[in-house]
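Shown next, in structure tokens, is the structure this report addresses.
The values are calculated or read from the model by the stated rules, or taken from the named source; none is laboratory data. This is a predicted model, so every value here is computed, not measured. Virtual Cβ from ideal backbone geometry, glycine too; neighbours counted across all protein chains shown.
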Amino acid sequence: MQTSPLKIGIAGSGFAGKFHHRNLRGLPAVTVGVTSTRASSREAFAAEFGVRAYASVDEMLPDIDVLDICTPPSSHAAYIRKAAAAGKHVIVEKPFHGFFGSPKEHPKEEMLAAVTEELRDLRKVVTDSGILLGYAENIIYAPSVQREREIIERSKAQILRMTAEESHSGSHSPVYGIWSESGGGSLIGKGCHPLGGVLYLKRKEGLARNGTAIRPVAVSCRTHSITKLPAFEDRGYLRAHYEDGEDYAFLHVIFEDGTVADVMTSELVLGGVYDFIEVFANNHRTRCHIQPVKVVDLYSPDKKEFAGMDLMEKISSNEGWIPAFPEFGWSNGQYYEMRDFVTCMQEGRQPECDLELAIDTTLAIYAGYLSADRKGQEVEVPRI
Ligand SMILES: NC(=O)c1ccc[n+]([C@@H]2O[C@H](COP(=O)([O-])OP(=O)(O)OC[C@H]3O[C@@H](n4cnc5c(N)ncnc54)[C@H](O)[C@@H]3O)[C@@H](O)[C@H]2O)c1
């Protein structure tokens, strides 16, 4: 048990790096420093939050207890290895890992095989080093999802089917939709959230009823690039022009007990982030609203009143009736995930959202990409 505040070093000074830092408020942890490939970006972050700017992860590692990886996905694995070699705990943003090469040059069979091998090795590296790894899948920590976890555990419910979605009008990140940087399109970039959520709930059901997690065994998937269709009429409200990543995906997951989940994800949804998990069980039914949530109904007569305010993620205009956040990230669990990671790393125990969930989510995604390549044919999710 560590009694002094955990020293956190953040890699990546963009959107995620900032909300990770803000969500350490009130926790026994302190952001010691930040690094980013762009000097101007890390220095601006350091000045804004009063922390030290480091030139690299290597330079920062000796001064920290935890490396908090908020960089684009193609750098996650290398940074996990560096932190593990230095004996430092890891927090890593979603998506955990992927295949970063052009789909024109690399068939999906190769991608799935390479990702499987890399995950096998990463698991060994993390386990052998004895560090703790928190996979920052915030949906796991959404208050509605945690309520459902409790309902499943206490009533020993059996989940029969689930539907889940995360969509919005398109990522702000310049590397989004470029496979070699992002590892795919909507399925990995956004679909990892609801997929992580359904895998987590089924895992919890298995542990509560039989003492072992119920894992995904096979998937069928379709992916589409709707904004690339010649017939798509661009009115300017949705982001378009993705390089080689899809903007819509549908993933059907089959679990080892034969029950199922259907995950949808896209860049085609206006009106803010659309994020839910619906559970159909043998003894109850639950709609977990993640975003939007009806807690604060705010009416704005004119968008200029609240220009630049974070009232709802990805809403295009702060005008009219808005289901505003009670506080940024509350309903999607972003504060609670940092609280769990910090507490577990101080106490030396595994966080709720761990390496195993990160691995299963990644494997199901790349099995999904292979299935989509085969126009929806069922593909086994590898076991490592
Ligand atoms: N959980 C969520 O809701 C959520 C939301 C947004 C982003 N994310 C995830 O967070 C990660 C970062 O996304 P973002 O939106 O903050 O991106 P961003 O583009 O806003 O910021 C990325 C930062 O990383 C830096 N960077 C890039 N490559 C680097 C490298 N190799 N080493 C060090 N720094 C590097 C960039 O200079 C920039 O400061 C991604 O994995 C993304 O999927 C998660």
**Asked** Within region 91-137, which residues are touching a His at 6+ places or on another chain (Cβ under 8 Å), in a helix (DSSP H, G or I) and either of a type in the set (Val, Ile, Thr) or assigned by TED's automatic domain parsing to the domain that holds Thr223 (or both)?
**Response** Val115
**Request:** Give me the pairs, please: first residue somewhere in region 2-20 and farther than 13 Å from His89 by Cβ, second residue anywhere and near the ligand (Cβ under 9 Å from one of its atoms) and of a type in the set (Phe, Trp, Tyr), beta-carbon distance under 7 Å, and either six or more positions apart or on two chains.
**Result:** Ala11/Tyr79; Ser13/Phe45; Gly17/Phe45
**Fill in**
So, first residue assigned by TED's automatic domain parsing to the domain that holds Lys294 in region 321-337, second residue of a type in the set (D, E, K, R) and in a loop (DSSP other than H, G, I, E, B), Cβ within less than 6 Å, six or more apart or across chains; the pairs are Pro323/Lys294; Phe328/Asp310
**Item:** Test set (1) surrounded by fewer than 19 Cβ atoms within 10 Å (Cβ to Cβ); (2) in contact (Cβ under 8 Å) with a residue 60 or more places away in the chain; (3) under 28 Å from Arg154 (Cβ atoms) - Ala240 fails condition number
**Value:** (3)
**Message:** I need every pair where a residue in region 259-275 that is on the phi < 0 side of the Ramachandran plot and among the small types (Gly, Ala, Ser) has its Cβ under 7 Å from the Cβ of a residue that is in a loop (DSSP other than H, G, I, E, B) and modelled with pLDDT of 95 or more, sequence separation at least 6 or different chains.
**Reply:** Ser266/Asp247
**Fill in**
Log entry, pairs with first residue in region 66-77 being polar (S, T, N, Q), second being part of a loop (DSSP other than H, G, I, E, B) and more than 10 Å from the ligand (Cβ to nearest atom), beta carbons closer than 6 Å, six or more apart or on different chains, reads Ser74/Phe100
**Prompt:** What about Val66, is it within 20 Å of Val126 (Cβ to Cβ), more than 11 Å from the ligand (Cβ to nearest atom) and within 20 Å of the chain's Cα centre (by Cα)?
**Reply:** yes
**Asked** In region 286-327, how many residues are crowded, with 16+ Cβ neighbours inside 10 Å, touching a helix residue (DSSP H, G or I) at 6+ places or on another chain (Cβ under 7 Å) and under 26 Å from His20 (Cα atoms)?
**Response** 4
**Message:** It is to be established whether one or more residues within region 94-112 are surrounded by fewer than 18 Cβ atoms within 10 Å (Cβ to Cβ) and of a type in the set (A, V, I, L, M).
**Reply:** no
